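Okay, structure first, notes after.
The values are calculated or read from the model by the stated rules, or taken from the named source; none is laboratory data. Being a predicted model, the structure only gives us computed values, none of them experimental. No Cβ is skipped: glycine too gets one built from the backbone with ideal geometry, and neighbour counts run over all protein chains shown. We work out accessible area using only protein heavy atoms, side chains counted, and drop any ligands, DNA or RNA first. Shrake-Rupley method; radii C 1.70, N 1.55, O 1.52, S 1.80 Å.
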Amino acid sequence: MNNLTNAKLSHFVTMEQLSKDEVLALIERAEYFKHGGKPETLVNPAYAVNMFFEDSSRTHTSFEMAERKLGLTVLPFDPSHSSVNKGETLYDTSLVMDALGVDLAIIRHSENGYYEKLIHPRADQHLNLGIVNAGDGSGQHPSQSMLDLMTIHEQFGNFAGLKVAIVGDITNSRVAKSNMEMLTKLGAEVYFSGPEYWYDHAFDQYGKYEALDELVDKVDVMMLLRVQHERHTGDPNEKTFDAKAYHEKYGINQQRYDRLQEQTIIMHPGPINHDVELAGELVEAPKSKFYQQMQNGVFMRMAMLEAVMRGRELGGLK
């Protein structure tokens, strides 16, 4: 397996761009950081900006912590006080950052595939900015997927043959889309569950849909997804949504928790709707890896950012 220090990534925008070996190398590098390994000292300054046009706490703060640990200089950006409110396009905002000397832009945006216009500019455009996707609409969330994979790897040491259930608001989940593709590529067996009206049969190519109670005692990983009410505009099911009823049918309560196999872990990208996807008293239960996922997010994002820095030879890295 190639060492990540030899990887050269110009951007990091989707899981689809990664090979199996690259994923495993990123995990190896992130685990190195987690176990006390130090990043290389930058010989030249490198600048990053976090442009989050959607609300975030974990991802935003995690990226900033990772940037600081790598020695990057982080510039503040507040979309509520930016020229976006004057009608400036995302491309033009990115061009401003490039012109001012920013090297990396970590972006979360509501538009699916927003990054295509940034990493493939027109012939008359000259944007030279490294783009790291921190989430695009209901599209991809590569950093969350990578930290999830790291968490699974820490528990089991491999992916081949693992049974992974992805449960909940799947259609609206960028986490689910990123994970189902890569888990399949890595050899895991993927299952889906949750409300059928939030399931798209296009996902059948990655796994099988089953009732939750048929999966509880046979999977190794129970990956719960947040009910994303903010993405349900126009969805008639939102008007009749009942948190208690959802929890009884699709949530992990104490009874279902007790049925999990000894090695099984529970995962959730956060924020957790207590007593909806997961009973509140189980958030920090022994099988729950929610806290560990958040910890791993810093180290995995260090590995991801470092790969792009090497690809762009930022800070003297090669």
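Restricting the search to segment 59-77, which residues are out of contact with any Asp or Glu (no Cβ under 7 Å at 6 or more places or on another chain) and open to solvent by less than 70 Å² (accessible area, probe 1.4 Å)?
59, 60, 62, 63, 64, 66, 67, 71, 72, 73, 75, 77
Of the numbered conditions (1) in contact with a Gly (Cβ under 7 Å, 6 or more places away or on another chain); (2) under 21 Å from residue 304 (Cα atoms), residue 111 fails exactly one; give the number of that condition.
With (1) in contact with a Gly (Cβ under 7 Å, 6 or more places away or on another chain); (2) under 21 Å from residue 304 (Cα atoms) applied to residue 111, the lone miss is (2).
Just need a number here: residues in segment 212-240 that are in a loop (DSSP other than H, G, I, E, B), free of Cβ contacts under 8 Å to residues at least 40 places away in the same chain and open to solvent by 50 Å² or more (accessible area, probe 1.4 Å).
3
State yes or no: is residue 95 among the hydrophobic types (A, V, I, L, M, F, W, C) and within 14 Å of residue 49 (Cβ to Cβ)?
The answer is yes for residue 95.
Identify all residues within segment 241-283 that are farther than 13 Å from residue 165 by Cβ, touching a residue at least 60 places away in the same chain (Cβ under 8 Å) and open to solvent by 30 Å² or more (accessible area, probe 1.4 Å); write none if there are none.
Hits for segment 241-283 are 263, 271.
Please count how many residues of segment 142-174 are under 10 Å from the mean Cα position of the chain (by Cα) and open to solvent by 10 Å² or more (accessible area, probe 1.4 Å).
2
Restricted to segment 119-131, and to residues that are among the hydrophobic types (A, V, I, L, M, F, W, C) and either closer than 13 Å to residue 300 by Cα or free of Cβ contacts under 8 Å to residues at least 60 places away in the same chain (or both), which residue is least open to solvent (accessible area, probe 1.4 Å)?
Ranking the candidates gives 129 first.
Kindly indicate which of 132, 175, 164 is farther than 30 Å from residue 90 by Cβ and either assigned to a helix (DSSP H, G or I) or in contact with a helix residue (DSSP H, G or I) (Cβ under 9 Å, 6 or more places away or on another chain) (or both).
So the residue among 132, 175, 164 that is farther than 30 Å from residue 90 by Cβ and either assigned to a helix (DSSP H, G or I) or in contact with a helix residue (DSSP H, G or I) (Cβ under 9 Å, 6 or more places away or on another chain) (or both) is 164.
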